[in-house]
Amino acid sequence: MSEEKKNENAYQAKNAWTEMGEEERKEVFAFNENYARFLTENKTEREFASAAIAELEAAGFKNIKQYESLKKGDKVYVANRSRALMAAVIGEKDLKEGLKIVGSHIDSPRLDLKPNPLYEDGEMAMFKTHYYGGVKKYQWVTMPLALHGVVVKDDGSQIKISIGEKEDEPVFFISDVLPHLGKKQMKKSMSEGITGEQLNVVVGSIPVADEDAKDKIKTAVLNHLKSEYDFKEEDFISADLQVVPAFKTRDAGFDRGLLAGYGHDDRVCSYTALEAILDVKEPQYTSVVLLMDREEVGSMGSTGMQSHFFEDQVANLVDLYYNQYSELLVRQVMQNSRVLSADVNAAYDPDFADVYAKHNSAYLGKGIVISKYTGSGGKGGASEASAEFMGEIRGLFNNAGVIWQTAELGKIDEGGGGTIAQFLANYNMDVVDCGPAVLSMHSPYEVVSKADVYHSYLAYNVFLER
């Protein structure tokens, strides 16, 4: 066999930048400009879900409660407790031939306020936090932080909170010990250098003038919260308040080919999936996008993938489509469905090359990543796509000009991770993980390639459309 023939038969992932012309490059940058704005403005799952619903409604999607029956071309959505949602476009084929689903999650690692967060110590008022998801705790100190969320009062009224994003607003921060006094800390492991109970946010320092007040600085903060936002200390108990980085999503690198921001995992997939279904025209199969919550802590809870939300909504689709409910029909729809579990993979980092399987790693700029399986060790804690489904997706992307690569999540015994793929696979669906590579995943400031973001959108769109 000639050397030329060997090269033709060899597989090598393409660099997306070298495959695109000038016009497509302009599309890539324009798409990412909108994504960067969306990511900056929506840093919590509540904010993301609300913004997604606004985009869906602007594109003609209606709440499923407004329908008495469903037919080809109808566009519907349903929200779950303001923290998750499902959107669908009814396709050409009969519903029982299955759905085309892109499933992602809209929660990201962060710091949640404890139920009783506010206290005073050392002439400062502080918030106690409880970290959410897999974080490196030392990464969250000495940086500008913002407070986002909602406070629900005992009469049911809600107060939306967003403090620290605008230039004229204060930011918050978590302190760290100075190097001059950090001798003991520096001897600890990185996981022990900052503990969970040390992730306390500084929120005030000016005391009230009242000499009789017990905690003068805490009292001053409470007075401020009452006057500015009309809530009192007890209202913290029924609040979803999150501490997130006060960074904007920004271009990175001289060539602006990368995008740095908080929450790429997994909002890069959620945003591209949302845009993909907004642009679906006349799908063959009913197209569905799932934007779920709680993935970073195991997908448990009423808004997570392990809840009955998804199957309840499939049952709802069946009832409205056939004007009757049948458990058998619901099961047929689900077992004939195909899914892209839209979640990110780890981008190869040359500074930490020893934890990556170099020949089976994802690289920035080489397109969306197809992962046959995730899990850890001996493929534990994950589903695995069949060879047939892998072939189908590979052929679909190749024919549509989608730039893709394939990868595992690091070396076998270095760790691992999971996605919502396993929970969808439990319904006897064909499922494969599919999303862009992320550098510094789970940090407060993650990095993605703009080319990969755009090809993720293309991949999800062609999958939903055909």
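Applying the set (1) in contact with a strand residue (DSSP E or B) (Cβ under 7 Å, 6 or more places away or on another chain); (2) more than 30 Å from Gln158 (Cα to Cα) to Asp265 leaves exactly one unmet item: (2).
Pairs under 6 Å by beta carbon, first residue assigned by TED's automatic domain parsing to the domain that holds Asp266 and within 18 Å of Gly375 (Cβ to Cβ) in segment 298-309, partner of a type in the set (Ser, Thr, Tyr) and part of a loop (DSSP other than H, G, I, E, B), six or more apart or different chains? What qualifies is Met305/Ser299; Gln306/Ser299.
Surrounded by 24 or more Cβ atoms within 10 Å (Cβ to Cβ), touching a Lys or Arg at 6+ places or on another chain (Cβ under 9 Å) and of a type outside the set (D, E, K, R): is that true of Ser449 in this structure? The answer is yes for Ser449.
Restricting attention to segment 353-377, and to residues there that are among the charged types (D, E, K, R) and in contact with a strand residue (DSSP E or B) (Cβ under 8 Å, 6 or more places away or on another chain), which single residue is farthest from Ala387 (Cα to Cα)? Per the criteria, the residue is Lys366. Would it be correct to say that Tyr119 is at pLDDT 95 or above, in the same structural domain as Ser189 (by TED's automatic domain parsing) and either part of a loop (DSSP other than H, G, I, E, B) or within 25 Å of Met441 (Cα to Cα) (or both)? No, not satisfied. For segment 46-73, filtering for residues that are touching a helix residue (DSSP H, G or I) at 6+ places or on another chain (Cβ under 9 Å) and surrounded by 19 or more Cβ atoms within 10 Å (Cβ to Cβ) leaves 7.
The residues of segment 311-360 that are buried (at least 22 other Cβ atoms within 10 Å of the Cβ), out of contact with any Pro (no Cβ under 8 Å at 6 or more places or on another chain), hydrophobic (A, V, I, L, M, F, W, C) and in a loop (DSSP other than H, G, I, E, B) amount to a single one, Ala342.
Only helices (runs of 4 or more DSSP H) wholly contained in segment 1-56 count here; list those with 3 or more residues that are of a type outside the set (A, V, I, L, M, F, W, C) and either at pLDDT below 95 or touching a strand residue (DSSP E or B) at 6+ places or on another chain (Cβ under 7 Å) (or both).
The qualifying helices (runs of 4 or more DSSP H) are 3-9.
Taken together, Ser157, Ser162, Ser175, Ser104 contain a single residue that is modelled with pLDDT of 95 or more and outside the structural domain of Gln198 (by TED's automatic domain parsing), which is Ser104.
Cβ-Cβ contacts under 7 Å between residues 6 or more apart (or on different chains), taken from a first residue in segment 69-94 that is more than 23 Å from Gln284 (Cβ to Cβ) to a second residue that is basic (Lys, Arg), are listed as Ser82/Arg46; Arg83/Arg46. In segment 132-143 there is no residue that is more than 23 Å from the chain's Cα centre (by Cα), under 16 Å from Val171 (Cβ atoms) and among the aromatic types (Phe, Trp, Tyr).
Meeting the requirement of 1 or more residues that are closer than 30 Å to Val141 by Cβ, the strands (runs of 3 or more DSSP E) wholly within segment 391-466 are 430-435, 446-449.
The values are calculated or read from the model by the stated rules, or taken from the named source; none is laboratory data. In this text the structure is predicted, and so the values were computed from the model without any measurement. No Cβ is skipped: glycine too gets one built from the backbone with ideal geometry, and neighbour counts run over all protein chains shown.
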